[in-house]
Amino acid sequence: MATRGIDFGYGFLTQESSFDVQFSLIEYSGSDSYARAYLVGLLNTLLVSILGIIFCTILGVIVGIARLSPNYLIRTTAAWYVEFFRNIPLLLQIFFWYYAALRALPLPQEADPMLGSFYLTIKGFYTPSLVWINLDIFIYSVIAAIVAIVFVRLYAKKLRENQGKHIPVLNISITILFILPLLTFFIGGVNVTYELPVLKQLAKTSFIFEGGLSIPPELLSLVIALSLYTATFIAECVRAGIEGISKGQREAAASIGLNRKQILNLIIMPQALRIIIPPATNQYLNLTKNSSLAAAIAYPDLVLVFAGTALMQTGKAIEIVSITMLTYLTLSLLISLLMNWYNARIAIVEK
Amino acid sequence: MFKNIKKILSLLAVASLVFVYSCDQMAGKKNQKKGASKTVDATKKSGFVKCGVSQGLPGFSNADASGNWTGVDVDICRAVAAAVLGDADKVKYTPLSAKERFTALTSGEIDVLSRNTTWTLSRDADIGLTFVGVNFYDGQGFMVRKNSGINSVDDFQNGISACTNIGTTTELNMRDFFNSRNISYEPVAFEKADEVVAAYDAGRCDTYTTDKSGLAAQRTKMSNPDEHMVLPETISKEPLGPVVRQGDSVWEDIVRWSLNVMIEAEEYGIDSQNADMMKSSDNPAIKRLVGAEGELGAAFGLDNEWSLRIIKQVGNYGESYKRNIADTGILPDRGPNELWTKGGILYVPPAR
Ligand SMILES: N[C@@H](CCC(=O)N[C@@H](CS)C(=O)NCC(=O)O)C(=O)O
């Protein structure tokens with residue numbers, strides 16, 4: 001490496017990055033360090049991944065069940081959806097959603113409000129936002145409520161095992177979860193108001209919305225593309241899982257008078273989950289790794305911010321690529337661990 | 001799970017061994033004889049110059065439908081090929097995004113990077129690169145829609161969104177500029193230039209910022225070029241020029257003087273048409289440039305007609321500029337890129 005004039009080291013991480021990032025979950029500007037730029041990219045990667053996993057799971061389960069529907073129309077629509085979105089390269093889909101959105105969405109000054117104060121424009125999706133006073137006290141109260149609930153559950157378990165008494169754990173838990181945070185509004189000085197996005201003129205034909213929450217179109221289209229694509233695979237996992245439960249179970253459940261919905265929720269799904277989780281984990285991993293295609297449409301994820309801009313501005317290719325690889329490896333291992341733990345929990349305990 | 005971790009760890013171990021070994025190998029090749037060049041040898045052996053260019057910037061480096069590359073940056077690659085291999089067409093072009101370009105050079109995928117790249121201190125000193133000269137003096141500017149009502153950078157207001165390329169000096173200058181004026185802005189940075197153009201063209205951003213030459217060139221790609229204009233202000237210095245890998249001084253000299261020869265040839269009025277006739281000129285400086293006097297090529301192990309071939313096959317700087325940038329309507333006025341003798345700042349050391 002020395003012959004090629006490349007020197008090696010991680011000292012650059014504390015230097016000032018001197019570039020700005022479009023969208024960040026934490027406070028960041030170019031006068032912060034490269035290490036903080038890394039954190040900005042990582043959080044943005046986590047954000048799309050988590051949103052993607054949530055939406056692809058919801059959609060995937062619905063489509064997977066729909067594929068087994070007795071209704072011909074529902075069944076074939078679901079099948080077409082899966083075949084269509086599964087077989088088009090993801091990058092193309094991302095470009096499609098992004099540029100289609102850009103072409104189709106109105107300029108801020110031409111956007112009609114939806115539900116009062118929501119605006120979907122070419123520069124982003126603008127929604128009202130909540131403005132908190134003493135948010136930290138509120139968060140502590142939620143944490144305290146959760147801790148209290150854990151104790152109630154342990155106590156209830158002890159009561160049940162020692163004295164055979166049942167107490168309504170669920171109702172008590174819900175009450176605690178509401179009452180405790182609510183109290184902070186009256187005695188903790190917590191307050192919340194909302195802020196609406198307001199149109200602001202920058203130049204003759206150039207407008208933006210100020211105030212409220214703004215979600216950039218890059219994030220929107222990325223989440224849509226990732227969810228629609230990955231949901232096809234989740235749907236197939238769900239279908240395979242349901243089909244993997246023997247017909248006898250369904251018939252037995254029907255014979256004791258359960259309806260279709262009950263059979264699915266009480267008999268089929270709990271068992272099918274064990275078949276669904278391992279391959280679904282793979283899809284979650286894929287989605288997380290695929291989120292790195294974000295760079296193509298300017299969504300500032302880890303690859304764009306750190307392995308892109310930061311790498312270019314420092315020239316520390318080996319260091320930055322190795323950190324980035326290690327980060328994705330860690331993320332993947334964490335997701336696997338989490339899903340394995342969940343799978344172990346729902347596995348049938350053979351007595 | 002733990003089995004997997006073990007597997008991964010052993011893979012990592014193997015990978016790092018391979019890596020350390022290859023570094024050793026590179027270090028071993030260091031002992032270079034004086035006057036000999038590893039890159040020249042490799043170039044002669046493969047039969048073409050490996051040149052990194054842009055992914056399509058009209059006037060600078062742009063491929064037509066049949067894959068023929070043209071542009072002032074491309075002409076540098078062609079000049080080097082004419083000098084070293086005797087044929088300007090013996091070039092292998094690698095289109096690179098701003099982000100990929102330096103890694104391609106330091107890793108050896110290309111041997112010359114001639115791709116509207118700004119010469120800066122940190123690039124020159126830090127990352128294993130050496131800039132050899134300037135073939136286009138440029139500066140960063142802004143493009144806006146004509147109907148936007150923005151006629152100068154003074155009309156920019158808080159909240160403006162600016163589309164640009166990542167990994168460029170543009171990204172850094174933009175911050176300096178908006179910061180010093182206390183304007184909050186939304187940077188929307190893409191990897192590929194075409195994506196920037198598409199997003200700006202669709203209305204995602206209020207302004208598109210990059211080198212002014214780049215703005216002029218990219219404007220031709222907009223769906224309706226007449227709807228856009230470049231603001232008058234220039235916010236930075238962007239001296240663009242060819243780059244080589246650090247460590248092969250002979251190769252570095254060949255690329256540097258291939259560029260210098262093109263500029264000096266224009267200064268002395270030598271062009272692709274009259275070059276042969278100039279051999280009988282009375283001016284020794286001219287005779288040296290066309291190889292009729294002196295032994296200039298010997299200094300880097302080339303024959304004495306190397307510079308004549310550049311002028312005959314590629315042309316002088318003025319011919320290259322006219323063919324690629326002026327006649328195509330991109331920047332008809334040469335501005336600072338005029339010879340020092342004609343009021344510009346093009347001034348190269350003498351070839352003697
Ligand atoms: N000169 C600047 C910017 C160079 C740059 O990448 N500019 C863009 C916009 S003009 C470009 O070359 N695009 C053409 C491409 O990527 O093919 C630098 O060296 O950082």
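The values are calculated or read from the model by the stated rules, or taken from the named source; none is laboratory data. As the structure is a computational prediction, the values presented were derived from the model and not from experiment. Glycine gets a Cβ as well: all are built from the backbone with ideal geometry, and neighbour counts include every protein chain shown. Quick note on the areas: whole protein, heavy atoms, side chains included, nothing else; ligands and nucleic acids left out. Shrake-Rupley method; radii C 1.70, N 1.55, O 1.52, S 1.80 Å.
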Name the single residue that is nearest to A:S17 (Cα to Cα) among those in region B:155-164 being out of contact with any Lys or Arg (no Cβ under 7 Å at 6 or more places or on another chain) and either surrounded by 14 or more Cβ atoms within 10 Å (Cβ to Cβ) or more than 10 Å from every other protein chain (Cβ to nearest Cβ) (or both). B:T164
Among (1) touching an Asp or Glu at 6+ places or on another chain (Cβ under 9 Å); (2) farther than 27 Å from A:A295 by Cβ, where does B:A98 come up short? (2)
Provide a single number: the residues in region B:34-53 that are touching a strand residue (DSSP E or B) at 6+ places or on another chain (Cβ under 7 Å) and open to solvent by less than 30 Å² (accessible area, probe 1.4 Å). 5
So which of A:Q22, A:Q15 is within 14 Å of chain B (Cβ to nearest Cβ), open to solvent by 40 Å² or more (accessible area, probe 1.4 Å) and of a type in the set (S, T, N, Q)? A:Q15
Mind checking which residues of region B:209-232 are near the ligand (Cβ under 9 Å from one of its atoms) and assigned to a helix (DSSP H, G or I)? B:S213, B:G214, B:L215, B:A217, B:Q218
Give region B:81-105 a look and list any residue that's over 21 Å from B:A63 (Cβ atoms), within 16 Å of the ligand (Cβ to nearest atom) and surrounded by 21 or more Cβ atoms within 10 Å (Cβ to Cβ), or say none. B:F102
What number of residues within region B:128-171 are of a type in the set (S, T, N, Q), near the ligand (Cβ under 10 Å from one of its atoms) and under 15 Å from B:Y208 (Cβ atoms)? 5
Take region A:200-217 and flag every residue that is open to solvent by 20 Å² or more (accessible area, probe 1.4 Å) and of a type outside the set (A, V, I, L, M, F, W, C). A:K200, A:Q201, A:K204, A:T205, A:E210, A:G211, A:G212, A:S214
Can you pull out every residue in region B:165-221 that is among the aliphatic types (A, V, I, L, M), closer than 20 Å to B:L240 by Cα and open to solvent by 10 Å² or more (accessible area, probe 1.4 Å)? B:L172, B:A193, B:A216
Extreme residue, modelled with the lowest pLDDT, among residues of region B:127-154 that are at the interface with chain A (Cβ under 10 Å from one of its Cβ atoms) and in contact with a Lys or Arg (Cβ under 9 Å, 6 or more places away or on another chain): B:I127
Output yes when any residue across region B:165-184 is more than 7 Å from chain A (Cβ to nearest Cβ), assigned to a strand (DSSP E or B) and of a type in the set (S, T, Y), and no when none is. no
Could you say whether any residue in region B:313-332 is over 30 Å from B:D176 (Cα atoms), within 16 Å of the ligand (Cβ to nearest atom) and in a helix (DSSP H, G or I)? yes
Looking at region A:291-319, which of its residues are over 16 Å from A:V48 (Cβ atoms) and within 11 Å of chain B (Cβ to nearest Cβ)? A:T309, A:A310, A:L311, A:M312, A:Q313, A:T314, A:G315, A:K316, A:A317, A:I318
Among the numbered conditions (1) over 20 Å from B:V144 (Cα atoms); (2) more than 9 Å from the ligand (Cβ to nearest atom), tell me where B:E191 comes up short. (2)
Take the residues in region B:106-121 that are more than 13 Å from the ligand (Cβ to nearest atom) and charged (D, E, K, R); name whichever of them is most open to solvent (accessible area, probe 1.4 Å). B:E109
So the strands (runs of 3 or more DSSP E) completely within region A:54-168 holding 2 or more residues that are farther than 30 Å from A:L293 by Cβ are A:129-133
Restricting to region B:236-259, count the residues that are away from the ligand (no atom under 16 Å from the Cβ) and either open to solvent by 10 Å² or more (accessible area, probe 1.4 Å) or acidic (D, E) (or both). 10
Evaluation of B:I160 against (1) free of Cβ contacts under 8 Å to residues at least 40 places away in the same chain; (2) hydrophobic (A, V, I, L, M, F, W, C); (3) in contact with a Leu (Cβ under 9 Å, 6 or more places away or on another chain) (one fails), failing number: (1)
Flagged in region A:307-346 as open to solvent by less than 40 Å² (accessible area, probe 1.4 Å) and more than 30 Å from B:T120 (Cβ to Cβ), in numbering order, are A:Y328, A:L331, A:S332, A:I335, A:S336, A:M339, A:N343
